[in-house]
Amino acid sequence: MSHMFVPGPVDVADEVLQAQARQMVPHRSPEFEAIFRRVAEKAQQVFFTRQRVLITASSGTGLQEAAMRNLVQERVLSCVNGAFGSRWYDVALTNGKQADKLEFDWDRPVSPDAVAEKVKLGDYEAVALVHNETSTGLMNPVKEVAAAVHAVDPDVLILVDAVSSFSGAKIAVDDWGLDMVLTSSQKCLALPPGLALAAVSDRALKKAETVENRGWYFDLLRLEKHRLKDSTPATPAVSLIYALDKQFERIFAEGIEARFARHSAMAKRVHEWAESQGMSIYAPQGYRSQTVTTIKNDLGWGIGDLNAFLMERGMRLANGYGPLKNKTFRIAHMGETQMADIETLLGAMEEFKKG
Ligand SMILES: *Cc1c(COP(=O)(O)O)cnc(C)c1O
């Protein structure tokens with residue numbers, strides 16, 4: 001396996017790749033329905049929800065769009081402290097919603113108090129935020145934001161993008177009172193791209209009943225109607241469902257809490273290593289991602305040179321995102337990545353540093 005320390009698409013385990021090579025079965029057959037039901041139930045466990053998980057043949061952005069089209073008739077508060085929060089805000093606008101942007105510096109978390117303050121003044125149907133900003137390696141305090149919003153207006157829905165943290169960091173959908181939490185297959189879940197999953201609350205579906213122009217493909221009510229028959233309105237990505245089934249088997253064999261602990265240990269190791277080398281972490285203490293670390297390029301490395309050096313050794317990391325390019329670089333530690341892989345990477349970077 002090559003070692004891509006890039007935040008998606010990430011390395012996929014061989015047995016997961018091979019699961020996709022299985023012959024097709026008709027999606028409206030008892031055989032497929034049994035697999036579809038099994039993956040949806042396993043997904044519920046990883047989302048910590050007794051409500052439902054919908055699965056679509058799309059990337060995560062498709063479900064960002066679904067959230068806006070189904071759960072907002074008019075007004076949404078979009079929290080933005082990175083590139084993916086910004087994209088979700090654009091998704092709201094381009095779907096004709098009145099989105100208000102609540103912006104924070106990219107190295108600051110979304111503030112629960114600031115969100116609550118806006119919600120108190122505005123007439124919002126929903127608040128949208130990104131759990132794990134892959135562009136900055138910052139993990140937003142979703143639980144605290146949800147609690148602050150519920151305290152001022154319990155009817156406001158909480159929409160969460162967990163594309164790069166789902167299955168690597170705990171997100172307790174029911175306990176935290178979240179209404180739609182979406183993810184894609186090619187990040188921490190470590191599958192090939194092409195599948196998206198979302199936990200959707202009962203009250204979110206109730207709200208969707210009142211929203212016009214939900215569209216067809218991403219209509220949550222239509223998806224739910226078919227889910228109740230272990231199916232989908234349109235053809236599902238059958239091969240990816242096979243792969244998801246295999247990946248959940250592997251995730252539960254490791255243990256979900258053990259998986260979270262592995263991610264958190266790798267993050268800690270990378271943070272301590274960077275600081276020991278004289279570099280600093282972009283995200284502030286307490287808000288650092290468990291799945292991807294953004295390191296400030298304090299040593300003035302040529303990131304292209306660093307990557308060329310690493311690629312000769314079968315590894316690759318990611319440059320900083322957008323405006324942070326060359327000023328930072330990112331190490332993903334998610335999915336299949338193990339501590340031993342991290343040690344190999346850090347060893348190679350120390351070699352690079354010696355020049
Ligand atoms: C990658 C990413 C997205 C976009 O997901 P796609 O699956 O590429 O559509 C959205 N949000 C976050 C936080 C991401 O990391």
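The table that follows gives values for the structure above.
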| quantity | calculated |
| --- | --- |
| Percent accessible area from carbon and sulfur atoms, the stretch 94-239, protein chains only, probe 1.4 Å | 48 percent |
| Neighbour cut-off at most 15 other Cβ (10 Å), DSSP loop, trypsin sites (Lys or Arg not before Pro), the stretch 295-355 | Arg313, Lys327 |
| Low-density loop positions, trypsin sites (Lys or Arg not before Pro), the stretch 1-99 - DSSP coil, at most 15 other Cβ in 10 Å | Arg22, Arg28, Arg50 |
| Placed amide H near Asn319: partners under 5 Å, 5+ positions off or other chain | Arg330 |
| Student exercise, the chain dipole from Lys, Arg, Asp, Glu Cβ charges, in Debye to nearest 20 | 400 debye |
| Mean Kyte hydropathy of -1.0 or more with a Cα span along the axis of at least 15 Å, helices from DSSP in the chain | 30-47, 60-71, 83-94, 142-152, 238-254, 256-276, 339-354 |
| Contour minus Cα-Cα distance for Glu74 and Asp153 (0.36 nm per residue) | 26.8 nm |
| Cross-link reach list, lysines versus Lys42, counting only Cα pairs under 26 Å and skipping chain neighbours closer than eight places | Lys143, Lys170, Lys187, Lys206, Lys207, Lys225, Lys229, Lys246 |
| Accessible area (Å², per residue) of the stretch 226-355, counting only protein heavy atoms and a probe of 1.4 Å | 42 Å² |
| Mean separation of Cα contacts under 8 Å, 6 or more apart, over the residue count of the stretch 14-252: relative contact order % | 29 percent |
| Alpha-carbon spread of the stretch 1-91, three principal axes, descending order, Å | 44, 36, 24 |
| Chymotrypsin sites (Phe, Trp or Tyr not before Pro), loop per DSSP, at most 16 other Cβ atoms within 10 Å - longest free stretch of the chain | 1-215 |
| Longest exposed-site-free window of the chain, the sites being GluC sites (Glu not before Pro) in a DSSP loop that have at most 10 other C-beta atoms within 10 Å | 1-208 |
| Whole-number D in µm²/s for the chain (Stokes-Einstein; Kirkwood sum over Cα pairs; 20 °C, 1.002 mPa s) | 104 µm²/s |
| Euclidean distance of C-alpha centroids, the stretch 1-79 and the stretch 313-331, integer Å | 27 Å |
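The values are calculated or read from the model by the stated rules, or taken from the named source; none is laboratory data. Fair warning: this is a prediction, and the values are worked out from it, not measured in the lab. Using ideal geometry, Cβ is built from the backbone for each residue, glycine included, and neighbour counts are taken over all protein chains shown. With ligands, DNA and RNA removed, areas are computed over all heavy atoms of the protein, side chains included. Shrake-Rupley method; radii C 1.70, N 1.55, O 1.52, S 1.80 Å.
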